[in-house]
Amino acid sequence: MEPKPQRFFVALVPPPEIQAIVDDIKRQFAEEYASQAAQKSPPHITLQPPFAWMPQELPKVEEQLAKFSMQQTPFEVELNGFAAFPPRVIYVDVVKPAALLNLQTSLMADLEATLEIVHEASKRRSFTPHMTVASQDLTPPNFNAAWQSFQERSLQIKFLASSLSLLIHDEQWHIHKTFPLSKKVHSP
């Protein structure tokens, strides 16, 4: 039997203590608003949307992500409250620092130029960094009820983005490998 392509995506994954906070919010959505879909992946900020890739060719992706991440500097990410893509998605809002926007643009351009990984829809819309806490299976009535509760809720967290993560889909999404952002900042 010939191997089939698997699905992957590239993201910033917060440190474990922040993952725990966001996972608690996802559990609340599952329990109170019957939305479990967001629990199928660890908390993350998608940089390169899902793409299909043959498992035997995965070392090419890993090598390119390692090269790319070595040229990137760690930076601060700020989570600030909640926002939505009505009528089905509620997410933890991410402040848009230039470093994050530049990283996402550079990563997508690099993967397109070197590996021909392209997500056409993302090329046509602006990047909205976010951490999804409810999606897909959130019904419009439950969206409205949840949004009433979450739109004014406070959540302010900062963390250092110090690596890229390659996630793989195997019934659920999980981290396959991480790549440190290892370019050094030179002080005067």
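The values are calculated or read from the model by the stated rules, or taken from the named source; none is laboratory data. What you see is a predicted model; the values in this text were computed from it and never measured. Cβ sites come from the backbone with ideal geometry, for glycine too, and all protein chains shown count toward neighbours.
Of the residues Ala38, Ala11, the single one that is touching a strand residue (DSSP E or B) at 6+ places or on another chain (Cβ under 6 Å), assigned to a helix (DSSP H, G or I) and either within 19 Å of Leu107 (Cβ to Cβ) or not β-branched (Val, Ile, Thr) (or both) is Ala38. For the structure I just gave you, tell me whether Phe82 is within 27 Å of Lys123 (Cα to Cα), touching a residue at least 60 places away in the same chain (Cβ under 8 Å), surrounded by fewer than 18 Cβ atoms within 10 Å (Cβ to Cβ) and not acidic (Asp, Glu). Answer is no for this residue. The lone criterion from (1) over 30 Å from Arg27 (Cβ atoms); (2) modelled with pLDDT under 95; (3) not basic (Lys, Arg) left unmet by His119 is number (1). In the set Glu62, Glu76, only one residue is assigned to a helix (DSSP H, G or I) and among the charged types (D, E, K, R); that residue is Glu62. Is it true that Pro43 is under 16 Å from the mean Cα position of the chain (by Cα), within 30 Å of Gln148 (Cβ to Cβ) and surrounded by fewer than 20 Cβ atoms within 10 Å (Cβ to Cβ)? No. Name, by its number, the condition in (1) in contact with a helix residue (DSSP H, G or I) (Cβ under 9 Å, 6 or more places away or on another chain); (2) free of Cβ contacts under 8 Å to residues at least 40 places away in the same chain that does not hold for Glu76. For Glu76, the failing item is (2). Looking at Phe68, Phe29, just one residue is farther than 17 Å from Phe179 by Cα, modelled with pLDDT of 95 or more and not acidic (Asp, Glu), and that residue is Phe29. Among the numbered conditions (1) β-branched (Val, Ile, Thr); (2) over 22 Å from Lys40 (Cβ atoms); (3) touching a residue at least 40 places away in the same chain (Cβ under 8 Å), the only one that Thr105 does not meet is (3). Can you spot a residue in region 138-146 that is closer than 19 Å to Leu166 by Cα and exposed (fewer than 12 other Cβ atoms within 10 Å of the Cβ)? No, there is no match, as no residue in region 138-146 is closer than 19 Å to Leu166 by Cα and exposed (fewer than 12 other Cβ atoms within 10 Å of the Cβ). Are any of the residues in region 147-154 basic (Lys, Arg) and free of Cβ contacts under 8 Å to residues at least 60 places away in the same chain? Within region 147-154 (the criterion being basic (Lys, Arg) and free of Cβ contacts under 8 Å to residues at least 60 places away in the same chain), the answer is no, since none of the residues qualifies. Out of the residues in region 150-170 that are farther than 22 Å from Tyr33 by Cβ and of a type in the set (S, T, N, Q), state the one that is surrounded by the most Cβ atoms within 10 Å (Cβ to Cβ). Looking at the filtered set, the residue picked out is Ser165. I need the full set of residues from region 6-26 which are loosely packed, with under 13 Cβ neighbours inside 10 Å and either charged (D, E, K, R) or over 19 Å from Ser165 (Cα atoms) (or both), in order please. Result: Glu17, Asp24.
Pairing each residue of region 123-135 that is in contact (Cβ under 8 Å) with a residue 60 or more places away in the chain with any residue that is charged (D, E, K, R) and buried (at least 21 other Cβ atoms within 10 Å of the Cβ), provided the two are 6+ apart or on different chains, yields C-beta distances under 7 Å for Val133/Lys26.
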